[in-house]
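> For reference, the structure I am asking about is given below.
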Amino acid sequence: IPVDPFDLIIFGASGDLARRKILPGLFRRYRAGQMPEQARIIGAARSEMDDDEFRSFVAEAVREFGDVPYEKDILDSFLSRLGYVAVDAQGEGGWAELSSRLTGSHVRAFYFSVGPNLFGALAEKLQEHGLATPDSRMVVEKPFGHDLESARALNATLAQHFDETQIYRIDHYLGKETVQNLMAVRFGNMLFEPLWNAQYVDHIQITVSETVGVGGRGGYYDQSGAMRDMVQNHLMQLLCLIAMEPPARFEPDAVRDEKLKVIRALDPVMPHHIVRGQYHRLDGTPGYREDVENPRSTTESFVAMKCHVSNWRWAGTPFYLRTGKKLRTRASEIAVVFKDAPHSIFGAESGRHRNVLAIRLQPNEGMQLDMTIKEPGPGGMRLIDVPLDISFAEALGPDAEEIPDAYERLIMDVIRGNQTLFMRGDEVEAAWAWTDPIIAGWESRGDVPKPYDPGSSGPDDSLMLMHRDGRKWREMR
Ligand code: BG6
């Protein structure tokens, strides 16, 4: 279903995120027929470019990152909807020109794909030049601050100019198909929700494992580390969706209120419940410190931790989180590991068997439910665990609409004015309020991350974190 006609203005349009994600994503939505003919996309950045140069830049981005066959007619038609204006966020240049390009009757969205240090200046210019109307939407990228204080300052700056209902803070994990499916599975089925609590769930594992290093983004990453880059936002959001109470409706504030309660119920994390790691040099592959060109860096490229959501539903159920760069596989999943059956009628020799519901974010998005059955054959009552496996791509068949990338979906939600999958200001602040003391503890103790081999599954201490509790991480394949 096409969205309403819109003008989307992308600040930072010549940047990496625009090139890799935003612009190719918009093209895919156009190709899928979701973008109306009247839609306009205006790139804005400091560099001087004319419309044609910008269109060539976008064509190149689509070819490189679009992941679609080259179809000249469609691409040309998409490109004809694009324009470019060079603007100076801190000066006067370009603003009048930008204003003259906007269409009065369209939904208007401004995408701040720039560093947070420019949010304030851009917001001011938009107001000063009358570009932002009361129902214009502002899309802001992560990182949303570096800690609680800076996040509060950013929220305050935005609040000076816009209402919270106009602000769309992106966490692209919320745009992933499976992440939304998590809510459908939990709240659309009778099967799981009655078991979704401390009484039946032994523990939960959330893993986001990446094979890439930090090459190319060292400057930013070394100031952040896995905790700020991944845990404070993406893993925290996954945890919220797994742990939250059913909202009364699938509506923005109903959902976000419930997520906020989860973050506020998180206990502070004990230092011995966290393992930090940093990949080192191995067989000529550069280590983290070389990648970030900081030979003494003590920033973590891996973190594993055990946390607790202290509320009625989850008291005593650990949530184990881990994420890292340069690991063996690119795989992300959330696994709900259920408790053992209270009594085994098959005797101790039948071994230990547990139901696990694993929600795969990537690759091959889908779900798997491990069930215990009898091993087929004449060997007596021997138990084995087999997966009931649903790959969404397979389940939906070859004719199904292709699964949109997280960014494409989220941008369309901005145009529709639906904030459900965007973070509210208080949520982001609460997540920082939980993260800050953890990082402050590392700093005050002079904590040094444990080295790990690139291509491994992280430092051994992360295995110990589980082992001590008589549990183990699921293998990522
Ligand atoms: C970004 C982080 O937010 O998410 C990156 O800054 C990380 O460090 C990326 O690589 C992971 O996203 P995805 O969609 O590839 O899992």
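> Percent of alpha carbon pairs in the range 37-146 separated by more than 17 Å?
Numbers: 3595 of 5995 pairs.
Cα-Cα pairs of the range 37-146 separated by over 17 Å account for 60 percent.
> In addition: Can you tell me what share of the DSSP beta bridges in the chain is antiparallel? A percent to the nearest 5 is fine. Walk me through the intermediate numbers first.
Working: 42 of 75 bridges.
About 55 percent, rounded to the nearest 5.
> Can you pull the percent of Cα pairs in the range 236-288 with separation above 18 Å?
Details: 753 of 1378 pairs.
Of all Cα-Cα distances in the range 236-288, 55 percent exceed 18 Å.
> What does the net charge come to around Ala132 if you take all other residues with beta carbon closer than 13 Å to its beta carbon, with K and R at +1 and D and E at -1?
Numbers: positive: Arg108, Lys125, Arg137; negative: Asp7, Glu124, Glu128, Asp135, Asp163.
Residues close to Ala132 contribute a combined charge of -2.
> Still on this structure: What is the percent carbon and sulfur in the accessible area of the range 37-187, measuring with a 1.4 Å probe over the protein chains and ignoring ligands? Working shown, then result.
Details: 3120 of 6580 Å².
Whole-percent figure for carbon plus sulfur exposure: 47.
> Do the sum for the chain: with -39,500 (n - 2.57) for every DSSP H run of n ≥ 4, divided by all residues, what is the mean residue ellipticity at 222 nm, to the nearest 500 deg cm²/dmol?
Numbers: 15 runs with 155 residues, N = 477.
The helix contribution divided over the chain gives -9500 deg cm²/dmol.
> A further question follows. Given the whole protein assembly as supplied and a 1.4 Å probe, what does the accessible area of Glu124 come to in Å², nearest 10?
100 Å²
> Search the structure for amide H atoms under 5 Å from the amide H of Ser456, placed 1.01 Å from N in the peptide plane, and list their residues when 5 or more places away or on another chain.
Arg328
> Once you order the gyration tensor axes a ≥ b ≥ c over the Cα atoms, which shape class does the range 145-265 get: rounded for a/c under 1.5, otherwise prolate or oblate by comparing a/b with b/c?
Verdict is oblate for the range 145-265.
> Once you treat every alpha carbon in the chain as an equal point and sum by Debye, what is log10 I(q)/I(0) at q = 0.08, 0.09 Å⁻¹?
These q points yield log10 I(q)/I(0) values of -0.53, -0.66.
> Another question, if that's okay. Structure shown: which of Lys142/Lys450; Lys176/Lys326; Lys21/Lys325; Lys306/Lys374 lie over 29 Å apart, alpha-carbon to alpha-carbon? Write out the running numbers ahead of the final one.
Working: Lys142/Lys450 27 Å; Lys176/Lys326 22 Å; Lys21/Lys325 20 Å; Lys306/Lys374 34 Å.
Correct reply: Lys306/Lys374.
> Under the classification rounded if a/c is under 1.5, otherwise prolate if a/b is larger than b/c and oblate if not, where does the range 133-205 fall, given a ≥ b ≥ c as square roots of the Cα gyration tensor eigenvalues? Working shown, then result.
Details: a/c = 3.08, a/b = 2.07, b/c = 1.49.
Note, shape of the range 133-205 comes out prolate.
> The range 306-363: which trypsin sites (Lys or Arg not before Pro) are DSSP loop and have at most 15 other beta-carbon atoms within 10 angstrom? Before the final figure, lay out each step's value.
On the way: sites: Lys306, Arg313, Arg322, Lys325, Lys326, Arg328, Arg330, Lys339, Arg352, Arg354, Arg360; in loops: Arg313, Lys325, Lys326, Arg328, Arg330, Lys339, Arg352, Arg354.
Hits after loop and neighbour filter: Arg330, Lys339, Arg352, Arg354.
> Ok, one more. Can you work out the base-10 log of I(q)/I(0) for the range 107-148 at q = 0.22, 0.23 1/Å, using the Debye formula on its C-alpha atoms alone?
After summing over all Cα pairs, the log10 values are -0.74, -0.79.
> What does the net charge come to around Ile22 if you take all other residues with beta carbon closer than 13 Å to its beta carbon, with K and R at +1 and D and E at -1? Walk me through the numbers on the way to the answer.
Numbers: positive: Arg19, Arg20, Lys21, Arg28, Arg29, Arg409; negative: Asp16, Glu141, Asp405, Glu408.
Counting the neighbours of Ile22, the net charge comes to +2.
> Averaged per residue, what accessible area in Å² does the chain show with a 1.4 Å probe, protein chains only? Spell out each step's value before the answer.
Values: 21380 Å² over 477 residues.
Per-residue accessible area for the chain comes out at 45 Å².
> Test of the criteria: in the range 198-252, which chymotrypsin sites (Phe, Trp or Tyr not before Pro) are in a DSSP loop and have at most 15 other Cβ atoms within 10 angstrom of their Cβ?
On the way: sites: Tyr200, Tyr220, Tyr221, Phe250; in loops: Tyr200, Phe250.
Hits after loop and neighbour filter: Tyr200, Phe250.
The values are calculated or read from the model by the stated rules, or taken from the named source; none is laboratory data. What you see is a predicted model; the values in this text were computed from it and never measured. Glycine also receives a Cβ, built like all others from the backbone with ideal geometry; neighbour counts cover every protein chain displayed. These area figures cover heavy atoms from the full protein model, side chains too; ligands, DNA and RNA do not enter into them. Shrake-Rupley method; radii C 1.70, N 1.55, O 1.52, S 1.80 Å.
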